[in-house]
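The values are calculated or read from the model by the stated rules, or taken from the named source; none is laboratory data. Quick caveat, the model's predicted, so the values are computed rather than measured. Quick reminder, even Gly has a Cβ in these numbers, built from the backbone with ideal geometry, and neighbours come from all protein chains shown.
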């Protein structure tokens, strides 16, 4: 529900109350973010501004939901632009419209002749508020910074949670006090990045089960930044959106621009509730509507089995084994096209290699379908090798600057999707590929970050960052509209493009190129703070693992990978008969619990960091499964005590032939005996 009391606005969800005023200068002054109050209480909230000195704004130091460049306010501005040489703004409130769960506040700038509309969409059931900003110009205007949201917070000593990482080590949760000063998390790489992610949480001594948490997401897959600025008065300003670094957006008279959406959430019930609200919101509201209710299939991907040594006969042999153990989707990875025999050639030439597939892809596709599987394919359409027909024909289709050598990374360049003709080329080739073949799944990869961010033919190079991401979105939107039966996976060398912008366009994401089951537990645990299990691709691969040469038991690898959308990525032709039989049993088990994992409510039950073992729980409100991965044994310490969460304390459940109350299972828990190093368990609990 949304209220207005004169110039005070209240946005109220199930738990959240979000309150701000609009002052005479058109700034949105934050007043309250916390638990719901009585309606009459909102008018009684004290003014949070602090009068101080001539070094601060005369109306008093405050936190803001919107501020423009040029005031006596020195945090990141929500908007910075220039029109006909004018750099400053003079905003006044023009309109405030409430339409159900949407609040639109319109401000007018008499200096630059801009109209700015701030939109707040309330998703009350999830206690999440979508924020975005639209700028309309009456004259030619250059946007230098246009942020999706500014969030003010008052009088709180807060801890900041965010992700750091690197290739093969994404989603490492970082937590520490937010001290006076400024902290920025960002990407300047042209994609979301492995190094950081546009998600954050702020809390004051919250635990997994208790305490207030304010959290947020940014839905953008290119350059982004979120700034946290805490001052000595107790105010914290959080501002986020398109990274203003090397940014420009030009509006012609009458044009408008709307920022990517940001999402601000709140809970009083700790980090666990934060994650569950976010997971439900992603599945129910953001993910592609056509597949929201559809369970994701168990896939087999041929990459780690064959690498570039792809052939029709070799793939068919893998299809046979994948079908026997119960896989439902067969994905041919890199190496099927052009002169692609290594990562040094062929990217950009998206025609079937006739030496590897003499009769094209269709015989393999029919073979896959006759085995009862769907067919999928890997592509990397944003890239080109110097050794390719495409590059030889269009060397100017990459990001480059005249007079400077262009940098290759993984032997490839980034195609300049900011150019309309390049976007059209990529759209047409992918549309043609999907039109000619019965492909039901596309894994879209991106294996390097940007360099030489220039475009001699573009006109304004600083616009290329945004234009590239917008082009990727348009291509995906076009393909989804023309080929509604095709599912998509987002991959960027693993977890380099995972955010709520791409999540609204794909069914799942490749979480990391690191397929070691032990390393994956930490990556997946971090991932679970922000993103749901259904979208998380997890593979069972060979032992020893290609990355770190660690050999882990097959059961351990399965239980780790069953905590998301299960995939198999090992060379099944080299697995023993016993391994294949065991794999079939685990896949059958996964299919029986798949609705709980992919559509259920999840609970972090134990962490390797703090408990010495890892456990995740999933429930639909009735049935329950806990997936447990033990570490190495220690003498005298072979017992694992798994306390469940999310059960009805008064209900009776059955486990291993025993009848136990929900209260017992949550307070006493289940005690397991660890038999070996890296033991693993799948515990199924059902109502009596």
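So is residue 13 more than 20 Å from residue 78 (Cα to Cα), touching a strand residue (DSSP E or B) at 6+ places or on another chain (Cβ under 9 Å) and loosely packed, with under 14 Cβ neighbours inside 10 Å or not?
no
Which of the numbered conditions does residue 364 fail, given that it passes all the others? Conditions: (1) buried (at least 18 other Cβ atoms within 10 Å of the Cβ); (2) out of contact with any helix residue (DSSP H, G or I) (no Cβ under 7 Å at 6 or more places or on another chain); (3) free of Cβ contacts under 8 Å to residues at least 60 places away in the same chain.
Evaluating residue 364 over (1) buried (at least 18 other Cβ atoms within 10 Å of the Cβ); (2) out of contact with any helix residue (DSSP H, G or I) (no Cβ under 7 Å at 6 or more places or on another chain); (3) free of Cβ contacts under 8 Å to residues at least 60 places away in the same chain leaves (2) as the failure.
For a quick check of your reading: which strands (runs of 3 or more DSSP E) sit entirely within segment 100-172 and have at least 1 residues that are modelled with pLDDT under 95 and surrounded by 21 or more Cβ atoms within 10 Å (Cβ to Cβ)?
Output list reads 141-154.
When you look at residue 18, is it within 29 Å of residue 274 (Cβ to Cβ), touching a residue at least 40 places away in the same chain (Cβ under 8 Å) and either outside the structural domain of residue 240 (by TED's automatic domain parsing) or touching a strand residue (DSSP E or B) at 6+ places or on another chain (Cβ under 6 Å) (or both), yes or no?
yes
Looking only at segment 69-79, which residues are surrounded by 23 or more Cβ atoms within 10 Å (Cβ to Cβ) and modelled with pLDDT under 95?
Residues satisfying the conditions do not exist here.
Residues in segment 340-360: is at least one more than 30 Å from residue 456 (Cα to Cα), surrounded by 18 or more Cβ atoms within 10 Å (Cβ to Cβ), at pLDDT 95 or above and in contact with a strand residue (DSSP E or B) (Cβ under 7 Å, 6 or more places away or on another chain)?
yes
For residue 580, work out the one condition from (1) under 20 Å from residue 171 (Cβ atoms); (2) over 17 Å from the mean Cα position of the chain (by Cα); (3) surrounded by fewer than 23 Cβ atoms within 10 Å (Cβ to Cβ) it doesn't fulfil.
So the condition that residue 580 fails would be (1).
Which residues, counting only those in segment 17-61, are within 17 Å of residue 105 (Cβ to Cβ) and assigned to a loop (DSSP other than H, G, I, E, B)?
Passing the criteria: 23, 24, 25, 26, 27.
Sort out which residues of segment 32-58 are touching a strand residue (DSSP E or B) at 6+ places or on another chain (Cβ under 6 Å), crowded, with 18+ Cβ neighbours inside 10 Å and at pLDDT below 95, and write them in order of number.
If the condition is that a residue be touching a strand residue (DSSP E or B) at 6+ places or on another chain (Cβ under 6 Å), crowded, with 18+ Cβ neighbours inside 10 Å and at pLDDT below 95, then 48 is the only one that fits.
Could you tell me which residue of segment 387-412 is nearest to residue 449 (Cα to Cα), considering only residues that are assigned to a helix (DSSP H, G or I) and without any contact (Cβ under 8 Å) to a residue 40 or more places away in the chain?
397
Within the group 245, 233, which residue is modelled with pLDDT of 95 or more and in contact with a strand residue (DSSP E or B) (Cβ under 8 Å, 6 or more places away or on another chain)?
So the residue among 245, 233 that is modelled with pLDDT of 95 or more and in contact with a strand residue (DSSP E or B) (Cβ under 8 Å, 6 or more places away or on another chain) is 245.
Listed residues 584, 591; which is under 20 Å from residue 555 (Cβ atoms), assigned by TED's automatic domain parsing to the domain that holds residue 321 and touching a helix residue (DSSP H, G or I) at 6+ places or on another chain (Cβ under 9 Å)?
It is 584.
With the checklist (1) in contact (Cβ under 8 Å) with a residue 12 or more places away in the chain; (2) outside any strand (DSSP E or B); (3) surrounded by fewer than 18 Cβ atoms within 10 Å (Cβ to Cβ); (4) under 28 Å from the mean Cα position of the chain (by Cα) in hand, flag the one item residue 604 doesn't pass.
(2)
When residues of segment 312-343 are filtered for being touching a residue at least 60 places away in the same chain (Cβ under 8 Å) and in a strand (DSSP E or B), how many remain?
Count: 2.
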